[in-house]
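Heads up: the structure comes next, in structure tokens.
The values are calculated or read from the model by the stated rules, or taken from the named source; none is laboratory data. Computed from a predicted model, the values in this text were never measured in an experiment. With ideal geometry, Cβ positions are generated from the backbone for all residues, glycine too; neighbour counts draw on all protein chains shown.
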């Protein structure tokens, strides 16, 4: 396939046809609405390569996830052909993972780069799914066209702190003779003396918007690559700001994206931006500051890639097992193929004196979930409810999760039959709203009309922690 082009996975052809029928769309209508050729639409439907931007726009028009729809055909013997690149992998639960030890994110990273050729993006996904590791791996790669600049923003508490970090990052990518001249000249004017330092003075605080703009201008002027700011934990930073400052920051960043077409931004974080926007809307915010950004959803590893990672770790930790592939499958499936929990589980298994079997894996998981020290950080799922849901919403959240934790996947109708009998949860529209929020926060998933926990590990934790 040519670089910059995508084609439909043959397994998605039926889904495309169903979507066209539901939305009553024809090839001609799609072509007219998107201002593209009818032949491009025809090639898309028939699984032929078309320009990546047209492929993405068509998927958005018919309501499909382009990243999944464009997945390559699976290779039947890929696992058998897998060769170990290293044998010294070590479990590292919660620690920094070296880029070369991050397994199974190559296609996701290619998708992100392809999106960034067209627009900025928001990288969402459940906490611990591996978003930060993926972004750091991206930033470590050589890219002929783009200059990635990664920064973790969690500890930043004011706009001027953020601008200072951005400026410091930018200066690392400027030639010595061109170090952020506009920023330095502006600061020199403010303080009426030559600015030669590496930290802003107090006088700069009220001028953060100008300083941010000058820093971007300096970088754009001196760089011949497309610049990609990868800002991890941006929701945490905005949460630290006063409401007015958060609003102004979001609007300023959007304005910069519109003013400088060579700038791309990646927003990511362990809490959803929708929580930040909801709180700002209560404070009177009416803008939509990310409507020019594409959203991509980070997923767990595929089973195949999760097994590869697990085998690396089993071999690297010299864990005794009768069948390494079977044990790797059991471990990966038991923790929903999430790398963070694979590392944790292997780290626990290596301390055991017995051979690893399926029952040993299951018992070890239960012990870890019972541990009051919360080594797997699962209490986040309960604490998040207190932090981001209102007092009126909490009874609905707890009742819905309790019901789904101990019952088979079920419909809203059956959930409502129980919720209605509780005076704290007898508002039907509120119940629907809460279910949508729980899906946004990765507690639940909807399959047709059926709701269930998205991850079995979270369901198991919820049952144990709630004593149900």
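For this structure, a couple of remarks:
- Within segment 221-236, the set of residues being crowded, with 16+ Cβ neighbours inside 10 Å, part of a helix (DSSP H, G or I) and out of contact with any helix residue (DSSP H, G or I) (no Cβ under 6 Å at 6 or more places or on another chain) comprises 234, 236.
- Counting only helices (runs of 4 or more DSSP H) that sit completely within segment 338-402, those holding 3 or more residues that are over 17 Å from residue 94 (Cβ atoms) correspond to 358-370, 380-388.
- Qualifying residue in segment 262-272 (condition: over 16 Å from the mean Cα position of the chain (by Cα), over 23 Å from residue 443 (Cβ atoms) and in a helix (DSSP H, G or I)): no
- Across segment 161-174, a minimum of one residue is classified as outside the structural domain of residue 439 (by TED's automatic domain parsing), within 30 Å of residue 437 (Cα to Cα) and in contact (Cβ under 8 Å) with a residue 40 or more places away in the chain.
- Looking only at segment 357-375, and only at residues there that are touching a residue at least 40 places away in the same chain (Cβ under 8 Å) and within 14 Å of residue 334 (Cα to Cα), the one that is surrounded by the fewest Cβ atoms within 10 Å (Cβ to Cβ): 366
- Among the residues of segment 427-445, those identified as under 25 Å from the mean Cα position of the chain (by Cα) and either surrounded by 15 or more Cβ atoms within 10 Å (Cβ to Cβ) or in contact (Cβ under 8 Å) with a residue 60 or more places away in the chain (or both) are 434, 435, 437, 438, 440, 441, 442, 443, 444.
- Scanning segment 327-334 finds one or more residues that are out of contact with any strand residue (DSSP E or B) (no Cβ under 7 Å at 6 or more places or on another chain), in contact (Cβ under 8 Å) with a residue 40 or more places away in the chain and surrounded by 16 or more Cβ atoms within 10 Å (Cβ to Cβ).
- Qualifying residue in segment 309-316 (condition: on the phi > 0 side of the Ramachandran plot, surrounded by fewer than 18 Cβ atoms within 10 Å (Cβ to Cβ) and either assigned to a loop (DSSP other than H, G, I, E, B) or not assigned by TED's automatic domain parsing to the domain that holds residue 132 (or both)): no
- Among (1) closer than 28 Å to residue 297 by Cβ; (2) out of contact with any strand residue (DSSP E or B) (no Cβ under 6 Å at 6 or more places or on another chain), the one test that residue 424 misses: (1)
- Residue under evaluation residue 145, criteria (1) over 24 Å from residue 68 (Cβ atoms); (2) within 17 Å of the chain's Cα centre (by Cα); (3) surrounded by fewer than 16 Cβ atoms within 10 Å (Cβ to Cβ), criterion not met: (2)
- All of 109, 115 fail the test of being assigned to a helix (DSSP H, G or I) and without any contact (Cβ under 8 Å) to a residue 40 or more places away in the chain, apart from 109.
- Segment 404-431, residues that are out of contact with any helix residue (DSSP H, G or I) (no Cβ under 6 Å at 6 or more places or on another chain), closer than 18 Å to residue 464 by Cβ and assigned to a helix (DSSP H, G or I): 404, 406
For every residue, the table says whether it meets (1) in the same structural domain as residue 144 (by TED's automatic domain parsing); (2) on the phi < 0 side of the Ramachandran plot; (3) modelled with pLDDT under 95.
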position: 182; (1), (2), (3): yes, yes, yes
position: 188; (1), (2), (3): yes, yes, yes
position: 192; (1), (2), (3): yes, no, yes
position: 199; (1), (2), (3): yes, yes, yes
position: 205; (1), (2), (3): yes, yes, yes
position: 216; (1), (2), (3): yes, yes, yes
position: 221; (1), (2), (3): yes, yes, yes
position: 246; (1), (2), (3): yes, yes, no
position: 249; (1), (2), (3): yes, yes, no
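- The residue that is nearest to residue 357 (Cα to Cα), counting only those in segment 282-307 that are modelled with pLDDT of 95 or more and part of a helix (DSSP H, G or I), is 307.
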